[in-house]
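Q: Take a look at this one; I'll ask things after.
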Amino acid sequence: MTLGRNDEGVDLHDVNSLSGDEQTLAGISRHGRTRTAKAKELLVELWHDRAGFIGVCFLSMLVITAVFAPLVAPHNPRQQDLVNRLQPPVWSDGGDWSFPLGTDGLGRDVLSRLIFGSRVSIFVGLAVLAIAGLVGVILGVLAGYRGGFTDRFIMRLVDTQVAFPGLLIAILLAAMIGPSVRTVVIVLSINGWMIYARMARGVVLSVKETDYVEAAEIIGCKPNRVMWRHIFPNLAAPLTTLAVLEFARIVLAEAALSFLGVGVKRTDLSWGLDVASGQEQIFNSWWLVVMPGVLISLTVLSVSLVASWLRVVADPQEREKKYGATQIRRHIKDNG
Amino acid sequence: MDHLTIHFPVGRSRLLGRQQQVVHAVEDVSFSINRGETLGLAGESGSGKTTTGRAILRRIDPKRGTIRFRGRDITQSSGQALRHLRRHMQLVFQDPYASLNPRMNVLDLVAEPLIVHGIYNSTDDAREYVLELLEQCGLSADTADRFPHAFSGGQRQRIGIARAIGLRPEFIVADEPVSALDVSIRAQVVNLLQDLQDELGITYLFIAHDLSVVRHISNRVAIMYAGQIVEIADRDTIYERPLHPYTEALLSSIPVPNPQLQRDRRRIVLSGEIPDTLEPPSGCRFASRCPLVEERCHVEMPSLSPRSETHDAACWVR
């Protein structure tokens, strides 16, 4: 099986190197593709990468339920129902369909809480990722590319920030502006940008010395173009990997902060808060911790599946290796 | 190019007592290249060939000396002026595998200089011209949409050449353009460079350590040793009547395609090492390895002096 695939890979190169044979190539070559054609190709490749496809599906579902939470959720997530407190999920003894994932100590529906909680968790995760990632990458690329004083200044800033305990910032900020979603985003961003800066700087330093960057400079590219067009794309792979790991960390960090009372308000809804408050009853009502926990894991898993697909797509060589054979096969099928 | 001297500081100046050592990479090198000709620059590794080439393209700042291009002093050019200069002088790289961005397809790669210099607005506009360039360099039109990883070394070097000639430069530094290639491909690429020269009237500085290739393409040849030019002359003069003992030794290392002759040839095998470029000797840099060495060579540095109309050499003995 593996052998067969390899053969196809070799075929691809042979077919393509038959120069001037435009007829055979019509279906394969990327001759003047329009934007829609490119998007379509991307979707086809996503379909063929099953894992990535599942990840995208799960994430879209999550986003949709988060946006339409009031319509989707079976109950009001804050409504207490003391008669039905600590109901187990539907599949265990004593569970029933009115509370599919059970209820908590005050009789609130776990499923509805998860659906509403996803709003805060996803928002915090994405917002922190965007802010910390953007700031970190820009500073890191600048430090690496400019070098000299800029480099030293930025990296000392990073060192100082790393040495400063994140929890202290969290407590300080929470005391100053009060616990809220905004506070969590600010705290986690301040605490998280350095890792991006360090990684970006490292990659830039190594790529900066390559011949093709020198070639770009000799061609007459301005520094900005060299930086963003030739150096920046090399960050795609390590950056997506890092972002996935960070996303998981952020969702958990939000939980930890909320648990300590310096994150979102205790009356707010978030997965982390659910885990934290369910922890007291883990021995008699396991579902209070397990349900949000499973959801966090599934989300992180989906993000990482999508990220690994993105990484392949971002690298022309990997992309051709992975999808070239499928393209050929399709081409042969279409044209007999 | 006059009295070009390039020093590289090594080791950082320490906090206490600024001790800074300097690599004398290129020392007092002067030569000129006439329009439309090819100057071959040969010498062993570490002799400063590449550094010289990079300095001419203003990639490295010389410590002393001036670089003139079309009569204008470009030693201090920077920023916009330097970018404008890039239109007229380009580089062909040694390593065709590293010098093409693996994330850009051939069309983007070849079109980039054209877009950067505002000749075309977008890659799509430039397409026709790029295809023309590719064809000129012996590549078919369907290469344009593929990525560098799909090509062999020779093809990649052709892409690199297409990129270099897109701006119609008058001067190209070819930094060992064939040394990374398979022997069977070398002749093709060298011939391509020559054809382009005939067609477009490009001037080359051809850097190489392969003396046969240098002989094939050059009008004049300069030999470098330890950061200095020891001899510069017309191609035939230097290959048939070398003056400097280093040139002689270098030439004797070229194998002759005739076993009989090859066996009877006198090969000059040099012993010793290249002098330390951190502390170059005060006399002739070749003195420690020279078979003809005299007292004077250790004391005084010989300068490049004319021996005939087209032949300069730096040696006390000859």
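Q: Starting from residues that are part of a helix (DSSP H, G or I) and in contact with a Phe, Trp or Tyr (Cβ under 9 Å, 6 or more places away or on another chain), keep the ones in the stretch B:84-108 and report whichever is farthest from the other protein chains (Cβ to nearest Cβ). Lay out the reasoning, then the answer.
A: Within the stretch B:84-108, the first condition is being part of a helix (DSSP H, G or I), and the residues that meet it are B:84-85, B:106-108.
Among the residues that remain, those that are also in contact with a Phe, Trp or Tyr (Cβ under 9 Å, 6 or more places away or on another chain) are: B:85, B:106.
On the way: B:Leu85: 8, B:Val106: 11 Å.
Of everything passing the filter in the stretch B:84-108, B:Val106 is farthest from the other protein chains (Cβ to nearest Cβ).
Q: Ok, one more. Just checking, which of B:Glu112, B:Glu128 is out of contact with any Pro (no Cβ under 9 Å at 6 or more places or on another chain) and more than 9 Å from every other protein chain (Cβ to nearest Cβ)? Full working, then the answer.
A: Details: B:Glu112 fails: more than 9 Å from every other protein chain (Cβ to nearest Cβ).
Answer to the selection: B:Glu128.
Q: Among the residues that make up the stretch A:279-300, is at least one of them within 28 Å of A:Ile54 (Cα to Cα), within 17 Å of the chain's Cα centre (by Cα) and at pLDDT below 80?
A: no
Q: May I pose another question? Tell me whether the stretch A:229-241 contains one or more residues that are within 12 Å of the chain's Cα centre (by Cα) and either farther than 30 Å from B:Val110 by Cβ or modelled with pLDDT under 85 (or both). Full working, then the answer.
A: Of the stretch A:229-241, the ones within 12 Å of the chain's Cα centre (by Cα) are A:239-241.
Applying the additional criterion that residues be either farther than 30 Å from B:Val110 by Cβ or modelled with pLDDT under 85 (or both) yields A:240-241.
There is at least one residue in the stretch A:229-241 that is within 12 Å of the chain's Cα centre (by Cα) and either farther than 30 Å from B:Val110 by Cβ or modelled with pLDDT under 85 (or both).
Q: Anything in the stretch B:144-170 that is outside any helix (DSSP H, G or I), hydrophobic (A, V, I, L, M, F, W, C) and surrounded by fewer than 20 Cβ atoms within 10 Å (Cβ to Cβ)? List them, or say none. Spell out the reasoning first.
A: If we filter the stretch B:144-170 for residues that are outside any helix (DSSP H, G or I), which is where we start, we get B:144-147, B:151-152, B:166-170.
Then keep just the ones that are hydrophobic (A, V, I, L, M, F, W, C); that gives B:144, B:147, B:151, B:167.
Across the stretch B:144-170, the qualifying residue is only B:Leu167.
Q: Here's a follow-up. A:Gln279 - would you say it is touching a His at 6+ places or on another chain (Cβ under 8 Å) and either away from chain B (no Cβ under 14 Å) or in a helix (DSSP H, G or I) (or both)? Before you say what the answer is, go through the steps one by one.
A: Numbers: touching a His at 6+ places or on another chain (Cβ under 8 Å): no; either away from chain B (no Cβ under 14 Å) or in a helix (DSSP H, G or I) (or both): yes.
No; evaluated as a whole, the condition is false for this residue.
Q: Yes or no: the stretch B:95-113 includes at least one residue that is touching a Gly at 6+ places or on another chain (Cβ under 6 Å), farther than 16 Å from A:Tyr212 by Cβ and without any contact (Cβ under 8 Å) to a residue 60 or more places away in the chain.
A: Taking every residue of the stretch B:95-113 in turn, none turns out to be touching a Gly at 6+ places or on another chain (Cβ under 6 Å), farther than 16 Å from A:Tyr212 by Cβ and without any contact (Cβ under 8 Å) to a residue 60 or more places away in the chain.
Q: Hey, another quick one. Can you tell me how many residues in the stretch B:229-287 are free of Cβ contacts under 8 Å to residues at least 40 places away in the same chain, of a type in the set (A, V, I, L, M, F, W, C) and in contact with a Ser or Thr (Cβ under 7 Å, 6 or more places away or on another chain)?
A: Number satisfying all stated conditions: 1.
Q: Turning to a different aspect of this structure: Pull up the stretch B:131-143, narrow it to residues that are in a loop (DSSP other than H, G, I, E, B) and within 12 Å of chain A (Cβ to nearest Cβ), then point me to the one that is surrounded by the most Cβ atoms within 10 Å (Cβ to Cβ). Even if it seems obvious, please write down each step before you answer.
A: Residues of the stretch B:131-143 that are in a loop (DSSP other than H, G, I, E, B), as a first pass: B:137-140.
Cutting the leftovers down to within 12 Å of chain A (Cβ to nearest Cβ) gives us B:138-140.
Working: B:Gly138: 16, B:Leu139: 21, B:Ser140: 15.
The extreme case among them is B:Leu139.
Q: Considering every residue within the stretch A:126-147, establish whether at least one is within 30 Å of A:Glu209 (Cα to Cα), of a type outside the set (S, T, N, Q) and in a loop (DSSP other than H, G, I, E, B). First the steps, then the outcome.
A: So the first thing to find is which residues in the stretch A:126-147 are within 30 Å of A:Glu209 (Cα to Cα), and the list is A:129-147.
From the residues that got through so far, the ones that are of a type outside the set (S, T, N, Q) too are A:129-147.
Restricting the remaining residues to those that are in a loop (DSSP other than H, G, I, E, B) gives A:147.
Yes: one or more hits.
Q: Right, here's the next one. Spot the failing condition for B:Gln262; the list is (1) closer than 16 Å to B:Leu39 by Cα; (2) surrounded by fewer than 13 Cβ atoms within 10 Å (Cβ to Cβ); (3) of a type outside the set (Val, Ile, Thr), and only one is missed.
A: Every condition holds for B:Gln262 apart from (1).
Q: Report, by residue number, each residue of the stretch B:176-191 that is surrounded by fewer than 20 Cβ atoms within 10 Å (Cβ to Cβ) and touching an Asp or Glu at 6+ places or on another chain (Cβ under 9 Å). Explain how you work it out, then say what you get.
A: The initial filter retains those residues of the stretch B:176-191 that are surrounded by fewer than 20 Cβ atoms within 10 Å (Cβ to Cβ), namely B:179-180, B:182-185, B:187-188, B:191.
Within the stretch B:176-191, B:Ser179, B:Ala180 qualify.
Q: Of all residues in the stretch A:10-64, which are away from chain B (no Cβ under 14 Å) and at pLDDT below 55? Can you show your working first?
A: We begin by selecting, within the stretch A:10-64, every residue away from chain B (no Cβ under 14 Å); these are A:36, A:39-40, A:42-64.
Passing the criteria: none in range.
Q: Do the conditions hold for B:Arg186, that is, is it under 22 Å from A:Lys222 (Cβ atoms) and more than 11 Å from every other protein chain (Cβ to nearest Cβ)? If you could, list the steps in order and put the result at the bottom.
A: Details: under 22 Å from A:Lys222 (Cβ atoms): no; more than 11 Å from every other protein chain (Cβ to nearest Cβ): yes.
It is false that B:Arg186 is under 22 Å from A:Lys222 (Cβ atoms) and more than 11 Å from every other protein chain (Cβ to nearest Cβ).
Q: Next question, about the same structure. Considering each of A:Val213, A:Val244 in turn, give the residue that is buried (at least 17 other Cβ atoms within 10 Å of the Cβ) and either in contact with a His (Cβ under 9 Å, 6 or more places away or on another chain) or facing chain B (nearest Cβ under 8 Å) (or both). Steps first, please.
A: Working: A:Val244 fails: either in contact with a His (Cβ under 9 Å, 6 or more places away or on another chain) or facing chain B (nearest Cβ under 8 Å) (or both).
The unique qualifying residue is A:Val213.
Q: So, one more: Could you grab me the full set of residues in the stretch A:214-228 that are closer than 17 Å to B:Ile115 by Cβ and more than 25 Å from the chain's Cα centre (by Cα)? Don't jump to the end; show me each part of the working.
A: Going residue by residue through the stretch A:214-228, those that are closer than 17 Å to B:Ile115 by Cβ are A:215-228.
A:Ala215, A:Ala216, A:Glu217, A:Ile218, A:Ile219, A:Gly220, A:Cys221, A:Lys222, A:Pro223, A:Asn224, A:Arg225, A:Val226, listed by residue number.
Q: Still on this structure, please answer the following. Of all the residues that make up the stretch A:146-193, how many are touching a residue at least 24 places away in the same chain (Cβ under 8 Å) and either farther than 30 Å from A:Thr267 by Cα or hydroxyl-bearing (Ser, Thr, Tyr) (or both)?
A: 9
Q: Would you pick out the residues in the stretch B:115-125 that are at the interface with another protein chain (Cβ under 9 Å from one of its Cβ atoms) and of a type in the set (Asp, Glu)? Explain how you work it out, then say what you get.
A: Step one: of the stretch B:115-125, the residues at the interface with another protein chain (Cβ under 9 Å from one of its Cβ atoms) are B:116-117, B:124.
B:Asp124 - this is the single residue of the stretch B:115-125 that is at the interface with another protein chain (Cβ under 9 Å from one of its Cβ atoms) and of a type in the set (Asp, Glu).
Q: Considering each of B:Asn101, B:Asn105 in turn, give the residue that is over 22 Å from B:Ala55 (Cα atoms), crowded, with 18+ Cβ neighbours inside 10 Å, at pLDDT below 90 and within 24 Å of the chain's Cα centre (by Cα). Talk me through it step by step, then tell me what you get.
A: Working: B:Asn105 fails: within 24 Å of the chain's Cα centre (by Cα).
Within the list B:Asn101, B:Asn105, the selection yields B:Asn101.
Q: From the list A:Val90, A:Val110, A:Val72, A:Val120, which residue is exposed (fewer than 15 other Cβ atoms within 10 Å of the Cβ), modelled with pLDDT under 90 and of a type in the set (A, V, I, L, M)?
A: Working: A:Val90 fails: exposed (fewer than 15 other Cβ atoms within 10 Å of the Cβ); A:Val110 fails: exposed (fewer than 15 other Cβ atoms within 10 Å of the Cβ); A:Val120 fails: exposed (fewer than 15 other Cβ atoms within 10 Å of the Cβ).
After applying the criteria, what remains is A:Val72.
Q: Among the residues of the stretch B:49-83, count how many are under 12 Å from the mean Cα position of the chain (by Cα) and away from chain A (no Cβ under 14 Å).
A: If we filter the stretch B:49-83 for residues that are under 12 Å from the mean Cα position of the chain (by Cα), which is where we start, we get B:49-57.
Now drop any that are not away from chain A (no Cβ under 14 Å), which leaves B:49, B:52.
Number of matching residues: 2.
Q: Filter the stretch A:55-77 down to residues that are without any contact (Cβ under 8 Å) to a residue 60 or more places away in the chain and outside any helix (DSSP H, G or I) and give me whichever is nearest to the chain's Cα centre (by Cα).
A: The residue in question is A:Phe68.
Q: For the stretch A:79-117, what are the residues that are touching a Ser or Thr at 6+ places or on another chain (Cβ under 8 Å) and not in a helix (DSSP H, G or I)?
A: Quick first cut of the stretch A:79-117, residues touching a Ser or Thr at 6+ places or on another chain (Cβ under 8 Å) only: A:81, A:84-88, A:102, A:104-105, A:109-110, A:115, A:117.
Those that are touching a Ser or Thr at 6+ places or on another chain (Cβ under 8 Å) and not in a helix (DSSP H, G or I): A:Asp81, A:Arg85, A:Leu86, A:Gln87, A:Pro88, A:Gly102, A:Asp104, A:Gly105, A:Asp109.
Q: Do the conditions hold for A:Ile296, that is, is it in a helix (DSSP H, G or I), aliphatic (A, V, I, L, M), within 14 Å of chain B (Cβ to nearest Cβ) and touching a residue at least 40 places away in the same chain (Cβ under 8 Å)? Please lay out each step first, then the result.
A: Working: in a helix (DSSP H, G or I): yes; aliphatic (A, V, I, L, M): yes; within 14 Å of chain B (Cβ to nearest Cβ): no; touching a residue at least 40 places away in the same chain (Cβ under 8 Å): yes.
No: the conditions fail for A:Ile296.
The values are calculated or read from the model by the stated rules, or taken from the named source; none is laboratory data. All figures in this text were calculated on a predicted structure; none of them were measured in a lab. Here the Cβ is made from the backbone with ideal geometry for all residues, glycine too, and neighbour counts use every protein chain on show.
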